[in-house]
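Engineer: The structure under discussion is supplied below as structure tokens; questions concerning it will follow.
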Amino acid sequence: GAVVSQHPSRVICKSGTSVKIECRSLDFQATTMFWYRQFPKKSLMLMATSNEGSKATYEQGVEKDKFLINHASLTLSTLTVTSAHPEDSSFYICSASQDYNSPLHFGNGTRLTVT
Amino acid sequence: AQSVTQPDIHITVSEGASLELRCNYSYGATPYLFWYVQSPGQGLQLLLKYFSGDTLVQGIKGFEAEFKRSQSSFNLRKPSVHWSDAAEYFCAVGGTGTASKLTFGTGTRLQVTL
């Protein structure tokens, strides 16, 4: 079945550094990918919609200059957390779909800890 | 704006007992409704979805859900819970097309006692 791979699964970085998270669709092409953030014991908050070949669409309140999204190919979207701070520590999850009427598949998430 | 409410934060059931997780939604048009399950430190797995047609939908792992438009509800049920069902369950609502962006409820953590 369709698989979405997310890497790394866990990352620890120092405050002020940048971290890149990759989301890959392994056996299908995804024109659209979504990035979510999940706070402890909370729901998933949609951060942005990543569109292949065009700029990402960010949700209200999400800083696009801090959370850089690049969807350079039909199988890869990246989320870069720039100048990370401890408050950016969270669980980030991506999802992708083959087309508008196919189910969304989720990656296993990335646990980011900023020290 | 669309929203999802899962009134139960935490539910504990005995193995073999029946289960019902509640979900209420708010959406301006015909909703696409989903239930996902998340194990600790993992991503989300789709249990089932409703788009149209039969209001009782069957999913994986023996789960089912019933769409009740009059109550704006989409409750998840399972007749006999297994210890491996312990996880976090999320209800979600989306627009046309399964790949539209989803709004999730706050989740219900299911604990199963032996």
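The values are calculated or read from the model by the stated rules, or taken from the named source; none is laboratory data. Treat the numbers as computed from the prediction; the structure is a model and nothing was measured. We place every Cβ from the backbone using ideal geometry, glycine too, and count neighbours over all the protein chains shown. Only protein heavy atoms, including side chains, enter the accessible area calculation; ligands, DNA and RNA are left aside. Shrake-Rupley method; radii C 1.70, N 1.55, O 1.52, S 1.80 Å.
Engineer: Quick one, what does Rg over Rh come out to for the stretch A:1-65 if you take C-alpha atoms and the Kirkwood Rh? Numbers along the way, then the final one.
Structural biologist: Numbers: Rg = 13.4 Å, Rh = 13.8 Å.
Across the stretch A:1-65, the Cα-based Rg/Rh ratio is 0.97.
Engineer: How far apart, in nm, are the 7 Å Cα→Cβ label points at B:Gln111 and A:Ser18?
Structural biologist: Each label point is offset 7 Å from its Cα along the Cβ direction, giving 4.4 nm.
Engineer: Per-residue Cβ counts within 10 Å, from other chains only, averaged over A:39-51: what number is that?
Structural biologist: Mean partner shielding for this stretch: 3.
Engineer: Return the carbon/sulfur percentage of the accessible area of chain B, one whole number, probe 1.4 Å, all protein chains in place.
Structural biologist: The nonpolar share, carbon plus sulfur, comes to 49 percent.
Engineer: Over chain B, what lengths in whole Å, largest first, do the semi-axes of the equivalent ellipsoid take, defined as the square roots of 5 times the eigenvalues of the alpha-carbon gyration tensor?
Structural biologist: Semi-axes from the Cα gyration tensor: 23, 14, 13 Å.
Engineer: At q = 0.11, 0.17 Å⁻¹, work out log10 I(q)/I(0) for the stretch A:7-115 with the Debye formula, treating every Cα as an identical point scatterer and leaving solvent out; two decimals please.
Structural biologist: Debye curve over Cα of the stretch A:7-115, log10 I(q)/I(0) at q = 0.11, 0.17 Å⁻¹: -0.31, -0.74.
Engineer: At a Cα cut-off below 27 Å, give the lysines reachable from A:Lys66, other chains included and same-chain residues fewer than 8 away excluded.
Structural biologist: A:Lys14, A:Lys20, A:Lys41, A:Lys42, A:Lys55, B:Lys101
Engineer: Using every alpha carbon pair in the stretch A:73-112, what percent of pairs falls into each 5 Å bin from 0 up to the bin containing the largest distance?
Structural biologist: Taking every Cα pair in the stretch A:73-112, the percentages come to 6, 18, 24, 21, 14, 10, 5, 2.
Engineer: I've got another one for you. Got a number for the accessible area of B:Ser73? Probe 1.4 Å, square angstrom, nearest 10.
Structural biologist: Roughly 10 Å² of B:Ser73 is accessible to a 1.4 Å probe.
Engineer: With all protein chains present and a 1.4 Å probe, how do B:Tyr36, B:Tyr27 order by accessible area, largest first?
Structural biologist: B:Tyr27, B:Tyr36
Engineer: Simple spin-label model, 7 Å along Cα-to-Cβ: A:Lys64 to B:Ala29 in nm?
Structural biologist: Distance between the two pseudo-spin positions: 2.4 nm.
Engineer: Kindly report, to the nearest 10 Å², the accessible surface of A:Met45 as traced by a 1.4 Å probe over protein heavy atoms only.
Structural biologist: Its heavy atoms expose roughly 80 Å² to the probe.
Engineer: Could you work out the mean count of beta carbons from other protein chains within 10 Å of each residue's beta carbon in B:41-51?
Structural biologist: Mean partner shielding for this stretch: 4.
Engineer: Mind checking the mean number of beta-carbon atoms from other chains within 10 Å of the Cβ atoms in A:108-114?
Structural biologist: Per residue, the average neighbour count from other chains is 2.
Engineer: Sort B:Ile11, A:Ile12 by accessible area with a 1.4 Å probe, largest first.
Structural biologist: A:Ile12, B:Ile11
Engineer: Excluding ligands and nucleic acids, what accessible area in Å² is computed for B:Ile9 using a 1.4 Å probe, to the nearest 10?
Structural biologist: For B:Ile9, solvent-accessible area is about 130 Å².
Engineer: On the Cα set of the protein assembly as shown, report Rg and Dmax in Å, please.
Structural biologist: Gyration radius and largest Cα-Cα distance of the protein assembly as shown: 17.6, 52 Å.
Engineer: While we're looking at this one, here's another question. Run the lone-cysteine check on chain A: no other Cys C-beta under 4.7 Å from the residue's C-beta.
Structural biologist: Taking the Cβ cut-off of 4.7 Å, the unpaired cysteines of chain A are A:Cys13.
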